[in-house]
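Everything on this sheet refers to the single structure shown next.
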Amino acid sequence: MIGRERTVVQQVCDAVRQMIRTEKLSLGDKLPSEERLTERFGVSRPALREALRSLEQDGLIRTEHGRGRFVMAGGALQVERPITTFESVTEMLGGYGYKTTTRVLSVKEMPANEELAAGLRCSQGSPAVQIERLRSKAGRPILYSLDYVPAEIAGQSAMTIDWGGSVVRTLRKHGMAPVASAARVSATTLPEKAKATWNIPDFGAALLVTETCFTSDGLPILFAKDYHHGKYFSFSFARR
């Protein structure tokens, strides 16, 4: 059954995409009936129809009146780790099958500089909290993260929150769940200061994902800079 962290329509869209992937549906294959889909996902008929219309607009499915809905080429493409899918770093690591340890390197309050102000859509100098963390696999650092949140989360000082687990889950717990993001990816190396401070000089080439994450109300709640070790991560995308 569909959960409640994201809007129901968004969740149904994701669920249909997942169904196409897991059931290995191909171009021209017919989707189950609306009745079966509403039962399968535990949603209302109007929510299902809105989600299906969205998927049709995205070119993933097509509707033939009187016959049903069918998978189009865009929906049949099987992308292993789609870069367009929003997920937390913890969820992503689990998707890769990695068992990692998380080390919180530092948590500190700081005024928003130009980059952070643009990322959190706030004024320069606004108070924010930086969470610096390092993920390791079998003792090898594979992901260095800088996460930034407003200084107050739902009326609570972000400095008093335990950031040892998933940042997305922690924000969700405090009623500020990120559900989508705007991101960009670039090739780079770890910041020299981080390498020197935390003794990780041999991290190597990195894929930097810089993103602003939004709540369902469109509130920017998280600005993140995640440096993924180039040996352990890759991202896929479909072109249509």
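The values are calculated or read from the model by the stated rules, or taken from the named source; none is laboratory data. These figures come from a predicted structure and were not determined experimentally. Glycine also receives a Cβ, built like all others from the backbone with ideal geometry; neighbour counts cover every protein chain displayed.
Give the residue that is nearest to Thr215 (Cα to Cα), with candidates limited to residues of the stretch 6-64 that are in a helix (DSSP H, G or I) and of a type in the set (Asp, Glu). Per the stated criteria, the residue is Asp14.
Restricting the stretch 1-43 to residues that are at pLDDT 90 or above and among the small types (Gly, Ala, Ser), which is nearest to the chain's Cα centre (by Cα)? Across the stretch 1-43, the extreme among qualifying residues is Gly42.
From the list Thr84, Thr90, the lone residue that is surrounded by 13 or more Cβ atoms within 10 Å (Cβ to Cβ), polar (S, T, N, Q) and at pLDDT below 95 is Thr90.
Only one of Gly125, Gly139, Gly175 is at pLDDT 95 or above and on the phi > 0 side of the Ramachandran plot; which? So the residue among Gly125, Gly139, Gly175 that is at pLDDT 95 or above and on the phi > 0 side of the Ramachandran plot is Gly125.
Output the residue which, of all residues in the stretch 30-56 that are among the hydroxyl-bearing types (Ser, Thr, Tyr) and closer than 14 Å to Met19 by Cα, is surrounded by the fewest Cβ atoms within 10 Å (Cβ to Cβ).
Among residues in the stretch 30-56 that are among the hydroxyl-bearing types (Ser, Thr, Tyr) and closer than 14 Å to Met19 by Cα, the one surrounded by the fewest Cβ atoms within 10 Å (Cβ to Cβ) is Ser33.
Among the criteria (1) farther than 30 Å from Asp147 by Cα; (2) surrounded by fewer than 16 Cβ atoms within 10 Å (Cβ to Cβ); (3) modelled with pLDDT of 85 or more, the one Gly59 does not fulfil is (3).
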